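Q: Quick one: the structure is below, and I'll ask about it shortly.
The values are calculated or read from the model by the stated rules, or taken from the named source; none is laboratory data. Every value quoted in this text rests on a predicted model; they were computed, and no experiment measured them. Glycine also receives a Cβ, built like all others from the backbone with ideal geometry; neighbour counts cover every protein chain displayed.
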Amino acid sequence: MEIIQSMEEKKQGKLIIISGPSGAGKGTICAELMRLMPDLVLSCSVTTRAPRPTERRDRSYFFVSEDTFLDMVRKNELLEYDQHFENYYGTPKKFVVDMLNFGKDVILEIDVKGALQVKQNYQDSILFFIEAPSEQALYERLKKRGSESEEKIQIRMARNKLELAQRYKYDYCIMNDDVDRAVAEIIEILKERRNK
């Protein structure tokens, strides 16, 4: 009898998806959410691009070869994936599914296309679109990274316009003009959703 009750009490975790244009501050927001809500789990994406100077292997991303990535696609090991800026990006499926089944809420920091792919398979995912206060702010944030040429920044800026056009498909749009305020807004929404 006790075993049945504990199984009934076990609650499926939720997927919390954070996406938006390059330079909107998704990574900073995710880091703050993890700091303020330690019960959340952050999924680490896999990519074929080279690490940036500030990134750590197997923490920021799993950095793999293109052959390894395409092998993961063939084996259906990714929850979602996409190719952009000449590189592949994806979310390893097993870790996310295991955490959800364990009752943990999992944050995915992924691009717009990936977010909408995941929403199709996990209808109760909570999608947050992170916006920068202006196009100029996005440009300045990308420039400040110092990791890409002007040509690549312009390619990202062009893609950003396409992603902005998809924001109406999200549950919530959060303006990241102040990180603390944006994070507080997301936390308030998550608390409300948990209490439903």
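Q: Can you find, within segment 91-127, the residue that is surrounded by the most Cβ atoms within 10 Å (Cβ to Cβ) among those that are in contact with a Lys or Arg (Cβ under 9 Å, 6 or more places away or on another chain), assigned to a strand (DSSP E or B) and not β-branched (Val, Ile, Thr)?
A: Ranking the qualifying residues of segment 91-127, first place goes to Glu109.
Q: Could you count how many residues in segment 158-172 are at pLDDT below 95 and under 16 Å from Lys26 (Cβ atoms)?
A: Total meeting the criteria: 6.
Q: Same structure again: Within segment 65-109, which residues are touching a helix residue (DSSP H, G or I) at 6+ places or on another chain (Cβ under 8 Å) and without any contact (Cβ under 8 Å) to a residue 40 or more places away in the chain?
A: Residues satisfying the conditions are Asn76, Glu77, Leu78, Glu80, Tyr81, Asp82.
Q: Looking only at segment 157-192, count every residue that is assigned to a strand (DSSP E or B) and not aromatic (Phe, Trp, Tyr) and tell me the total. Break it down stepwise before answering.
A: Residues of segment 157-192 assigned to a strand (DSSP E or B): 172-175.
Going one step further and asking which of them are not aromatic (Phe, Trp, Tyr), we end up with 173-175.
Matching residues across segment 157-192 total 3.
Q: Looking at segment 181-196, is at least one residue acidic (Asp, Glu), modelled with pLDDT of 90 or more, farther than 18 Å from Gly13 by Cα and over 18 Å from the mean Cα position of the chain (by Cα)?
A: no
Q: Scan segment 33-51 residue by residue and report those that are more than 14 Å from Leu190 (Cα to Cα) and not β-branched (Val, Ile, Thr).
A: Arg35, Leu42, Ser43, Cys44, Ser45, Arg49, Ala50, Pro51
Q: I would also like to ask the following. Just for segment 133-157: of the residues that are within 13 Å of Ser22 (Cα to Cα) and either of a type in the set (Ser, Thr, Tyr) or within 16 Å of the chain's Cα centre (by Cα) (or both), which one is modelled with the highest pLDDT?
A: Ser134
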